[in-house]
């Protein structure tokens, strides 16, 4: 069982801020894997002790070399292991027996190579655990802390791109991605303190190093690259602490497609996560998700250099009418709105812009800027106080000779400190981009990048502002369980759901047609007759459902047909469920599946036969409120229908949301016994008339 | 009426290849708008005569200056007009009277400024047209031909980014975008010959300049930036000629969102086009659409440097396992497939890759590449002949010290010439990107860009390969029309559609309930009763439709209720439509609207009450085949349902497609009289049982 790193965990200090580092397999050649950490630590001013260990050398890169860790004058706080195969295992044993708190195993050839490597890896981690030594890796590129020069890492990229300390921590399961993210950040002039790669995660995980770097008070932003998430609680704890400290977490979770997930499994042996569940988890815990490292770094630039937008309305300013059009397109593509400017703002603008320029948003300064460079600042000051504006996009597609770009950047800086709202720049010309970046304003290559970043920041802000539901006392009692791996009958399922407060169809169980006919007569409506069996959960495919029966003859016929089918299927204990034929405006559905990492995952959305085809569903992780469900319903494709179209009344989505909350609480209370719950369809009736679940199935775990 | 430029049009030669250029408003200062074309033409080796016209100077930039165009020693072939307001109009008059074939009016302040400017512009174009002089602009940045140095343009960007001739023509309604696209192309090392901006398009359009540059035999690629498309035939003719000559057209059509369209209207006074119609038009004519100039230029790099992919299967190779995952994700996000490698390919790979590396696609070369740089070429040669591979993506996220990138690029070049299939590289490090670009291999910053480009190229290739339907003899006869602006009654609409071969519901018209009851008795099924009126096309909202009536009493009741409602609505000539209640597996819909630019636009997709909410529809422009409609149906959200789910049979989509083709032909035959056609729902029955239109409306123009 992996444990969280805490502030008082000696491994934490050892990994991120070691007072001494031994390198087993140290090399005099700084281009060798065992040579580069020595080279980096010396170059980047590491002030602790460096102990190269190499039995064949006396001096390594100017430092005394030692024959073995046992020969060292002290027990080092951290050891880097860069020797191959069995030698790595032996080194781990020796180090752990010395009482070294933590080791970074750079060596590859363990679980990532298959079953044989996994055995070797298990031996290695077993030896370490026996003595309480923590392990990063194996197959790790290493850890780097540019705050103190402890660069226990062999990435080539620190040679190519000059490090610069800053408030950012990069923590990755992949060494290549940790380096790439570092490089992309540095290219944008962003300082980076921590660059850590966990490799095979035999012990220490991305979540644990994120927790560790959260204890560095200078860190404002933690960027993660994940291919697999196996400990949800750990990351949830990181997210909770980050939120309290005002630190932002942004994560790439790669492998979101089937082919990507398969590639991830080949790469790190990672177990696949359901992507919609990952989204729900990140949303629940206020982690901003980026598609890939490039988007991650764009988000990072924005988060570091801008407040979050308080709303969806953006104002666009450009010296090109065409860029105004492109920016407006991109804004709407990403769900932002091109804010209408107030009459006051427009009047102000008209005093500065030429008589024939439009004063509407987007604001086209036109080529008039070329003859009057002061126009830029004047226009900004006009729009800065517009009450509708939540963010500003300055789009400068071409600014060559005649444009005073440094004055524009200065104007923009003044504008930012004045407006206190997000301001981003779109510029592809390096000189223009650099001028604005120097003033600490986020810059994007194109409108799509700018608007998608603003939109993501807005969603993130909305998520942070959300009140998390309190389910400390879920209502439902655990149900009496059947055999593991089996399904409850439909009737038992409906009973269980009803007992948890969900509205289910009224029904009777019976074993013959006469009973059913009597029921039909008493309820005075057409009825549905379903042959029930725990062995045949999928009734319609076998003709075991007869709908809208409105005569005794039809009921008898249905029983006869279904009995014949049951006999053919070899079902000997027939039981029937008879219910009145219910109607609704729509068929929705809700369900639960138990995720091995995340626990109960609640799904709801468009039901009936459209469920698979439209995939118009959403996913929530407990706890959540009725309001959360209503928000998700509003984002469904069929949302416009729920409000009533073509003379139809609005649907009772409040009642549906209450059912979904009840389902979630029921799933939590019965998490141990249930594998999945599937309620489809749920008939949604007009507002005030509620919902009714007419078919449901519980699969036991 | 604008006319196409033809090869023998003197204006064509004048604009793109003038033997002499006069500049009215020429300046000695190369940074002034009237000075820059003189400067550029001298700098870029223009060999024709340059005639600066400026009454206040004797010499301009070393050239003799002339008092007026009348004083010139010859009638120049092209004139650039850079004087303001009325002086521009006077210059146009003088030039046209001299017989100058073409003028570029750089001056702004015309229709883009409002009604007043439009009057001035009309005067200007009127004067030119009277003498047969063609006009580019006004408000144009000008035309530039780097093939002959005729740079009749004032863009600053040609100062910043060194021109280089090449097979590309950039033609834009916006001057800023023409420059920006030029700059982005040059940054990718792509040579550009033509850079033209049409400004207000008072006369010459992007389509006409595209046609003109098509006559330059060196041009292989025409890139267009459009905010409005007002002459579909013109662009269709360009596309047809381009296809014959193997020239590729790629276009940005900006203003695709409501806010973008409004911004375009402010920018150029452009009339909005329906975006789905633009897509259908581009698809029909084999024009590749890009979202924005950045995507345009990525597509351009691919088209110039790669064959088109023959299929959807791609093979990914990387030195980073994480990039393998990201690339696989991006491939599937864009509809590509990560091709399974053949057993032969995998066996070949296993001879080169380390024993524990996977031989599946994506192929992870791993950091083993660092110790053996030859692995790169070896892996490529293994996968090059895989029968499943339609394209290859080489992803190199990090390649610093120890990586022989120039050898990789050489290996890749050999691979390209060997495989004859598309190969693209993902690299964000400038040195890596440059090494591959020098070998003429398209390079992208990230996986998303690479995969979206490959996917777009694949769609484009599929479109080019498609056989365009032949509708030279559409079947339907024009219908007898009612009053313009009115609607046909439902019964008349159904008759008209039936006469054009569409399957419509069987029905009778009647004026009293007795007739309806008799009909119900004869057809032995429940019936529908609808009160029909040309004045009330939307019946359900007014309770004028009664469904599933299965007794004489119910039919009488429906007539009574509807009569009362008709009276309330003031309808005095009631008529009823009575039809059997039909059933289908699904409700689809089809329709037509007459577009002022594109003519009849045919829409089809999910119908019933889902039509507005799901927006699950497609658009086709005539002519199209049943196969084209079937292809579009397969891309609908509800497509999986059409094939039959949960025991349902497959739907008769062939019959639906036939109805849509019949509808398209009917629309063409009756284009003059019809504003719109709306058929919803169309009930689709099981395969072989056809479709049936049960409600329809024709609006007359």
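Counting only alpha carbon atoms, the long axis of helix B:552-569 and the longest principal axis of chain B meet at about 50°. Name the shape class, rounded, prolate or oblate, that the alpha-carbon gyration tensor gives for region A:44-129, where a ≥ b ≥ c are the square roots of its eigenvalues, rounded holds for a/c under 1.5, and otherwise prolate holds if a/b is larger than b/c and oblate otherwise. The shape class here is prolate. Say a paramagnetic label sat at a point 7 Å from the Cα of residue B:561, along Cα to Cβ; which residues of region B:501-527 have their backbone N under 20 Å from it? Of the residues in region B:501-527, B:510-521, B:525-527 have backbone N under 20 Å from the label point off residue B:561.
Taking 0.36 nm per residue of sequence separation and subtracting the Cα-Cα distance, how much length would be gained by fully extending the chain between residue A:581 and residue A:404, in nm to one decimal?
Net length gain for the segment: 56.3 nm.
Evaluate peptide B:446-455: per residue, the Cβ atoms of other protein chains within 10 Å of its Cβ; return the mean as an integer.
Details: counts 6, 6, 4, 1, 0, 0, 0, 0, 0, 0.
Mean shielding by partner chains, rounded to a whole number: 2.
Note on region A:369-445: percent of Cα-Cα distances in each 10 Å bin, starting at 0 and stopping at the bin with the largest distance, equals 20, 56, 24, 1.
Note the direction-averaged projected area, equal to a quarter of the hull surface, for the Cα convex hull of region B:246-342, in nm². Show your work: numbers first, answer last.
Numbers: hull surface 35.8 nm².
Projected area, direction-averaged: 9.0 nm².
Equivalent ellipsoid of region A:165-259: semi-axes from √(5λ) of the C-alpha gyration tensor, largest first, are 19, 17, 12 Å.
What average count of beta carbons from other chains do you get within 10 Å of the Cβ of residues in A:395-402?
Numbers: counts 0, 0, 10, 12, 3, 9, 7, 4.
Whole-number average of other-chain Cβ neighbours for A:395-402 is 6.
All C-alpha pair distances within region B:276-318, sorted into 10 Å bins from zero, spread as 21, 43, 31, 4, 0 percent across the bins. Averaging the Cα positions of each part gives two centres, and for region A:73-98 and region B:560-619 these lie 78 Å apart.
In this entry, region B:625-701 is assigned a mean projected area of 5.5 nm², taken as a quarter of its C-alpha convex hull surface.
How do the peptides A:287-293, A:227-233 rank, highest first, by the average count of neighbouring beta carbon atoms within 10 Å per residue?
Numbers: A:287-293: 23.6, A:227-233: 20.1.
Ranked from most to least packed, the peptides come out as A:287-293, A:227-233.
Expressed to the nearest 5 percent, the antiparallel share of DSSP beta bridges inside chain B is 50 percent. Calculated FRET efficiency, residue B:230 to residue A:368, Cβ-Cβ distance, R0 = 45 Å: about 0.95 to the nearest 0.05. Of the three principal axes defined by the Cα atoms of region A:437-524, the extents in descending order read 84, 32, 27 Å. Radius of gyration over Kirkwood radius for region A:342-472, both on Cα atoms: the Rg/Rh ratio is 1.04.
Assuming R0 = 60 Å, what is the FRET efficiency of residue B:115 and residue A:59, from their Cβ-Cβ distance, to the nearest 0.05?
Numbers: r = 86 Å, r/R0 = 1.43.
For residue B:115 and residue A:59, the calculated efficiency is 0.10.
Taken over chain A, the alpha-carbon convex hull comes to 184 cubic angstrom per residue.
Please work out how much length the chain gains when fully extended from residue B:418 to residue B:639, using 0.36 nm per residue of separation minus the C-alpha to C-alpha distance, in nm with one decimal. Mind showing how you got there, number by number?
Details: separation 221, 0.36 × 221 = 79.56 nm, distance 3.97 nm.
Gain on stretching residue B:418 to residue B:639: 75.6 nm.
Here residue B:514 and residue A:650 are evaluated by their C-beta separation; at R0 = 41 Å the FRET efficiency comes out at 0.55.
The C-alpha atoms of the protein assembly as shown occupy a region whose extents along the principal axes are 100, 98, 64 Å, arranged from largest to smallest.
Entry note, chain A: relative contact order of 8 percent, from Cα contacts under 8 Å with a spacing of 6+ residues. Between copies, the label points at residue B:634 (set 7 angstrom from Cα along Cα-to-Cβ) are spaced 4.0 nm, reported in nanometres from shortest to longest.
Per-residue ellipticity at 222 nm for chain A, helices alone: DSSP H runs ≥ 4 residues times -39500 (n - 2.57), over residue total, nearest 500 deg cm²/dmol? Before the final figure, lay out each step's value.
On the way: 25 runs with 271 residues, N = 701.
So the calculated ellipticity at 222 nm is -11500 deg cm²/dmol.
Axis of helix B:258-268 versus longest Cα principal axis of chain B: the two differ by about 50°, to the nearest ten degrees. Between helix B:513-523 and chain B there is an angle of about 80 degrees, using the helix long axis and the longest principal axis of the Cα atoms. Beyond 26 Å, the tail of the calculated P(r) for region A:564-701 holds 28 percent of the Cα pairs.
Let me know the whole percent of all Cα-Cα pairs from region B:593-666 that are separated by more than 15 Å.
Working: 1533 of 2701 pairs.
When every Cα pair of region B:593-666 is considered, 57 percent fall beyond 15 Å.
Each other copy holds its own label point for residue A:122; taking that point as 7 Å from Cα along Cα to Cβ, the gaps run 8.7 nm, nearest first.
Sorted shortest first, the distances from the residue B:501 label point to those of the same residue in the other copies are 6.2 nm; each point sits 7 Å from Cα along Cα-to-Cβ. Here the gap between residue B:522 and residue B:464, fully extended at 0.36 nm per residue and compared with their Cα-Cα distance, gives a gain of 15.5 nm.
Bear in mind these aren't lab numbers, they're just calculated from the coordinates by the rules spelled out. This one's a predicted model, so the numbers in the text were calculated from it and none came from an experiment. For neighbour counting, all protein chains shown are included, and Cβ atoms are generated from backbone atoms with ideal geometry for every residue, glycine included.
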